[in-house]
Amino acid sequence: MTHRIGGPHGVLSDERAADFVAARLAAEDLDGRSVCLVVPDGTRSCPLPLLVRAVHAALHGRVSRLTVLVALGTHAPMSDAELAAHVPALPGMTVLNHAWWEPSTFVSLGVIGAARVGALSGGLLHREVDVRINRAVVEHDVALVVGPVFPHEVVGFSGGNKYFFPGVAHADVIDLSHWLGALITSADIIGTRGVTPVRALIDEAAALIPGRRFALCAVVASGSGDLHSLAFGPPEEAWAAAAEVSAGVHVRYLDAPVRRVLSVLPAKYDDMWTAAKGFYKVEPVVADGGQVVLYAPHVRTISAMHPEIEEIGYHCRDYFTEQWDRFRHLPWGVLAHSTHLRGAGTYDAEHGERCRVTVTLATGIPEDVVRRANLDHLDPAGVDVDAFAADPGTLVVPQAGEVLYRLRG
């Protein structure tokens with residue numbers, strides 16, 4: 001049974017949030033069990049210390065072991081200092097990065113066959129996948145996801161079982177799920193309610209986890225620690241309850257498309273791999289031939305963890321699908337990231353690549369690197385945010401990356 005408090009129009013007090021966590025965990029048979037908390041990294045707005053303290057207070061002394069596993073996906077690991085600021089040090093609790101680069105991290109849960117992948121994907125992909133996950137999830141009796149829900153470019157809305165896959169999954173599952181999202185396209189799937197094909201694939205994989213699964217799903221005011229809502233229960237149901245609230249909190253509607261967007265990226269995105277969210281969330285409201293400027297002077301690299309993206313650059317989906325033999329050997333997650341940041345477009349051998357909008361980086365990444373990656377460059381020192389805001393054809397988005405902009409109707 002799923003329980004939810006709060007909604008899109010109010011803010012929960014810390015006390016009410018902690019009381020909710022205590023009541024929900026008290027109602028579950030967890031005595032003597034080992035529990036793995038799967039939590040986000042620092043790229044998501046979330047009052048994680050508050051929630052982890054509440055979970056710890058409810059479980060310390062009841063459970064045999066409590067481990068916090070940071071769901072990096074394939075993001076850069078958090079340093080010891082970053083982890084200390086991210087998750088409070090509490091008695092009897094261990095905190096771990098998801099070491100996705102280390103093969104011994106993983107254990108196989110089984111295989112989802114090609115025919116089943118074909119059914120789940122609506123016929124877009126037919127490829128079996130070995131479902132491998134961080135062994136810490138399997139080596140505990142209970143897995144408890146604690147994290148926020150936002151509109152998401154791959155799955156529709158983030159959260160729930162997504163913290164398992166791709167959060168603490170092997171690259172095989174990540175590549176398959178992200179490329180499926182890329183085939184559908186970010187613009188078509190982002191902010192889609194209900195079970196999308198990617199969500200269906202993730203849920204199928206999560207069902208293979210042998211222990212009990214719960215989720216504490218938060219809806220958080222972007223760029224803050226303010227909680228609008230909490231939902232607790234089985235991951236599928238708690239996620240659905242939170243996504244309903246997120247759709248009312250994290251989606252802004254415009255009556256007409258805009259010629260230009262200036263996305264001002266916060267410091268929590270420290271490379272373009274993560275800062276690209278400033279494009280995903282605004283692409284739907286940009287007019288054909290328009291421009292998105294990603295303003296992040298603090299970002300100095302495209303991706304420290306995925307150098308392949310600098311080799312292939314950023315291209316629309318059709319650029320890859322129409323030349324599949326050239327690119328199929330590359331990590332599909334990298335190809336997916338490429339298409340998500342470049343947006344909608346077409347490709348054919350006669351006319352080449354034609355993208356719907358222009359993507360311009362006003363970052364600390366050198367101009368030659370930006371242009372080799374098939375993006376436009378703007379010196380961040382010349383960006384006057386107030387001047388952009390004064391232009392009636394420009395939308396300025398502060399704290400970009402979590403709130404989705406869509407056209408009304």
**OP:** Have a look at 378, 361, 407 and point out the one that is out of contact with any helix residue (DSSP H, G or I) (no Cβ under 7 Å at 6 or more places or on another chain) and either of a type in the set (Asp, Glu) or within 30 Å of residue 253 (Cβ to Cβ) (or both).
**Re:** 378
Original post:
Where residues in the range 6-49 are among the basic types (Lys, Arg) and over 23 Å from the mean Cα position of the chain (by Cα), which of them is farthest from residue 265 (Cα to Cα)?
Top reply: 33
Subject >> Neighbours by Cβ (under 9 Å, 6+ apart or cross-chain): first from the range 328-350, part of a strand (DSSP E or B); second among the polar types (S, T, N, Q) and at pLDDT 95 or above >> reply: 345/339; 347/321; 347/323
Original post:
Among the residues of the range 337-364, which ones are among the aliphatic types (A, V, I, L, M) and either more than 15 Å from residue 303 (Cβ to Cβ) or more than 23 Å from the chain's Cα centre (by Cα) (or both)?
Top reply: 344, 349, 357, 359, 362
**OP:** Could you tell me which numbered condition residue 270 fails, if it satisfies all but one of (1) at pLDDT 95 or above; (2) assigned to a loop (DSSP other than H, G, I, E, B)?
**Re:** (1)
Original post:
Can you name the helices (runs of 4 or more DSSP H) wholly within the range 162-266 that have at least 1 residues being crowded, with 23+ Cβ neighbours inside 10 Å and of a type in the set (Phe, Trp, Tyr)?
Top reply: 171-184, 235-249
**OP:** Scan the range 90-132 for residues that are more than 22 Å from the chain's Cα centre (by Cα), under 30 Å from residue 50 (Cβ atoms) and surrounded by 14 or more Cβ atoms within 10 Å (Cβ to Cβ) and jot them down.
**Re:** 90, 93
**OP:** Return the pairs, sorted by first residue and then second, in which the second residue is surrounded by fewer than 21 Cβ atoms within 10 Å (Cβ to Cβ) and hydrophobic (A, V, I, L, M, F, W, C), the first residue lies in the range 42-59 and is farther than 15 Å from residue 215 by Cα and modelled with pLDDT under 95, the beta carbons are less than 8 Å apart, and the residues are 6+ apart or on different chains.
**Re:** 42/78; 45/221
Original post:
Looking at the range 76-89, which of the residues that are aliphatic (A, V, I, L, M), under 30 Å from residue 272 (Cβ atoms) and out of contact with any His (no Cβ under 9 Å at 6 or more places or on another chain) is surrounded by the fewest Cβ atoms within 10 Å (Cβ to Cβ)?
Top reply: 81
**OP:** Given the conditions (1) closer than 21 Å to residue 208 by Cβ; (2) in contact with a Lys or Arg (Cβ under 6 Å, 6 or more places away or on another chain); (3) crowded, with 21+ Cβ neighbours inside 10 Å, report the number of the one that residue 148 does not fulfil.
**Re:** (1)
Original post:
How many residues are in contact (Cβ under 8 Å) with a residue 40 or more places away in the chain and open to solvent by 40 Å² or more (accessible area, probe 1.4 Å) if we restrict to the range 296-320?
Top reply: 8
**OP:** Could you please find all residues in the range 38-57 being open to solvent by 20 Å² or more (accessible area, probe 1.4 Å), in a helix (DSSP H, G or I) and hydrophobic (A, V, I, L, M, F, W, C)?
**Re:** 50, 57
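The values are calculated or read from the model by the stated rules, or taken from the named source; none is laboratory data. Because the structure is predicted, anything quoted here is derived from the model rather than measured. Using ideal geometry, Cβ is built from the backbone for each residue, glycine included, and neighbour counts are taken over all protein chains shown. Keep in mind that these areas ignore ligands, DNA and RNA; they rest on the heavy atoms of the full protein, side chains included. Shrake-Rupley method; radii C 1.70, N 1.55, O 1.52, S 1.80 Å.
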